[in-house]
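> Dropping a structure here in structure tokens format, bear with me for questions.
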Amino acid sequence: MNMRPDPMRLQGAQPRPVVTLPQDAAPMHDARVLTRGGVQARILLDGQVYALRITRAGKLILTK
């Protein structure tokens, strides 16, 4: 069980509903939490840095 505090709740944002997923489901991450409310986050994979960006149209772009 994850006991870490919700970052959005710490910033005074409205709490988000908690979704319970089956054990074999892939992990789900909120893009707004990953970007800390901004529009960009960096993701590290095997020493490579990727940029995750939320567009003005609300779509996600992942680039190397």
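> Residue pairs, Cβ under 6 Å, 6 or more apart or interchain, first in the stretch 47-60 and among the aromatic types (Phe, Trp, Tyr), second surrounded by 11 or more Cβ atoms within 10 Å (Cβ to Cβ) and part of a strand (DSSP E or B). List them.
TYR50/ILE43
> Which is out of contact with any strand residue (DSSP E or B) (no Cβ under 6 Å at 6 or more places or on another chain), at pLDDT 70 or above and either open to solvent by 100 Å² or more (accessible area, probe 1.4 Å) or not aromatic (Phe, Trp, Tyr) (or both), of ALA13, ALA41, ALA25, ALA51?
Details: ALA13 fails: at pLDDT 70 or above; ALA41 fails: out of contact with any strand residue (DSSP E or B) (no Cβ under 6 Å at 6 or more places or on another chain); ALA51 fails: out of contact with any strand residue (DSSP E or B) (no Cβ under 6 Å at 6 or more places or on another chain).
One residue alone meets the criteria, ALA25.
The values are calculated or read from the model by the stated rules, or taken from the named source; none is laboratory data. Please read these numbers as outputs of a predicted model, since none were measured by experiment. FYI the Cβ positions are ideal-geometry reconstructions off the backbone, even for glycines, and counts take in every protein chain you see. Ligands, DNA and RNA are excluded from the accessible area calculation, which covers all protein heavy atoms including side chains. Shrake-Rupley method; radii C 1.70, N 1.55, O 1.52, S 1.80 Å.
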